[in-house]
Amino acid sequence: QVQLVESGGGLVQAGGSLTLSCAASGSILSINDMGWYREAAGKQRELVAATRSDGTTTYGDFVRGRFTISRDNAKNTVFLQMNSLKPEDTAVYYCKANIVVGSPRFEFQYWGQGTQVTVSS
């Protein structure tokens, strides 16, 4: 079994910062892409940031240099440093990872349970 456990969400004032963490655990052979998505009330889930195993990163257009994604491969953990937060960043943030498990090896997509980020004006 594989689990993704997120932490670090909460309530912050506009202009503030938060760091989200997502740790993968279980019978993991390797992890390819890891990323963060968010879902605001009444909106579709959207990509915030993603990182591949080679370290390349992708960000949603709305990030505009405010967020930084990073990963600790030794700990199977991905982080999202969020600065200059705006009320429109309020959403549930989900971690996603493409993880190779099993024998024969196969890649599955896993999601965390989500963590609420609320930015007050």
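The values are calculated or read from the model by the stated rules, or taken from the named source; none is laboratory data. Keep in mind that what you see is a predicted model, and the values were worked out from it rather than measured. Cβ: placed from backbone, ideal geometry, glycine included. Neighbour counts: every protein chain shown. All accessible areas refer to the heavy atoms of the entire protein, side chains included, with ligands and DNA or RNA removed. Shrake-Rupley method; radii C 1.70, N 1.55, O 1.52, S 1.80 Å.
Radius of gyration over Kirkwood radius for the stretch 46-106, both on Cα atoms: the Rg/Rh ratio is 1.03.
Straight-distance candidates among the lysines for linking to K75, with alpha-carbon spacing under 17 Å and chain neighbours fewer than 8 residues away dropped: K96. Cα centroids of the stretch 4-26 and the stretch 79-121: 9 Å apart. Counted by Cβ distance under 12 Å from E6, the other residues give a net charge of +2, where Lys and Arg count +1 and Asp and Glu count -1. Dipole size of the stretch 63-121 about its Cα centre, with +1 on Lys/Arg Cβ and -1 on Asp/Glu Cβ: approximately 120 debye, rounded to the nearest 20. Using the 1.4 Å probe convention, the accessible area of the chain works out to 54 Å² per residue with neighbouring protein chains retained.
Computed over the Cα atoms of the stretch 1-116, the ratio of the radius of gyration to the Kirkwood radius (Rg/Rh) comes to 0.98. I28 sits with roughly 40 Å² accessible to a 1.4 Å probe, with DNA, RNA and ligands left out of the calculation. Per-residue Karplus couplings for the stretch 3-12, computed as 6.51 cos²θ - 1.76 cosθ + 1.60 with θ equal to phi - 60°, are listed in order as 10, 10, 10, 9, 7, x, x, x, 9, 9 Hz, Gly and Pro entered as x. Stretching the chain fully between D54 and Q1 yields a gain of 16.6 nm (0.36 nm per residue, less the alpha carbon separation).
Taking every DSSP bridge with both residues inside the chain, close to 90 percent are antiparallel.
Largest GNM mean-square fluctuation among F62, F79, F106, using the chain with Cα springs under 10 Å: F106. The relative contact order of the stretch 1-81 comes to 28 percent, based on Cα pairs under 8 Å that sit 6 or more residues apart. Tell me, what % of the accessible area of the chain is carbon and sulfur with a 1.4 angstrom probe? Its accessible area is 47 percent carbon and sulfur atoms.
Say each of D61 and Q113 gets a label point 7 Å from the Cα, pointing the same way as Cα to Cβ; how far apart are those two points in nm? In this crude label model, D61 to Q113 measures out at 3.5 nm.
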